[in-house]
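Here the structure is laid out as structure tokens; the discussion comes afterwards.
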Amino acid sequence: MTTAEAHAIRDRAQALPGLNIAAARNAWRELLEDIRGLNDGPHPEAIRLHMLKAICDGAGIAGAKDAARQFAGLVAA
């Protein structure tokens, strides 16, 4: 993913009406605890962007968290 693509995803997420940013941030922090120490998985920023993209695509926060866990190589909660 290019920097421009990452910025576009971030900007789309920030512009979503009704998105609870605090809830999304808390879900990311919970997921970050699960992925700490993974040596063979994707970079945490790539996982975060995957989660944001899922939110932008309408997955909701829980669905986006599950999609990001799968992207990271973890079993969905």
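Descriptive notes on the structure:
- Debye, to nearest 20: dipole size of the chain, +1 on Lys, Arg Cβ, -1 on Asp, Glu Cβ: 160
- Report summary: the helix-based calculation at 222 nm, which adds -39500 (n - 2.57) for every DSSP H run with n ≥ 4 and divides by the residues of the chain, gives -22500 deg cm²/dmol.
- Listed values (i) 1.37; (ii) 1.03; (iii) 1.52, entry calculated as Cα Rg over 2.2 N^0.38 Å: (ii)
- Candidates Ala54, Ala13, Ala23, ranked by Gaussian network fluctuation over the chain, Cα under 10 Å, top entry: Ala23
- Length added when fully stretched, Asn26-Asp11, from 0.36 nm per residue minus Cα-Cα: 3.5 nm
- If you take all other residues with their beta carbon under 12 Å from the beta carbon of Ala54, and give Lys and Arg +1 and Asp and Glu -1, the sum is +3.
- Using R0 = 30 Å, the C-beta based FRET efficiency linking Arg36 and Ala4 works out to 0.60.
- Under the criterion of Cα pairs below 8 Å and six or more residues apart, the relative contact order for the chain equals 31 percent.
All of the numbers you see were taken from the coordinates with simple rules; none came from a lab. Bear in mind the structure is a predicted one, so any value in this text is a computation, not a measurement. Reconstructed Cβ throughout: ideal geometry from the backbone, glycine too, with neighbour counts over all protein chains shown.
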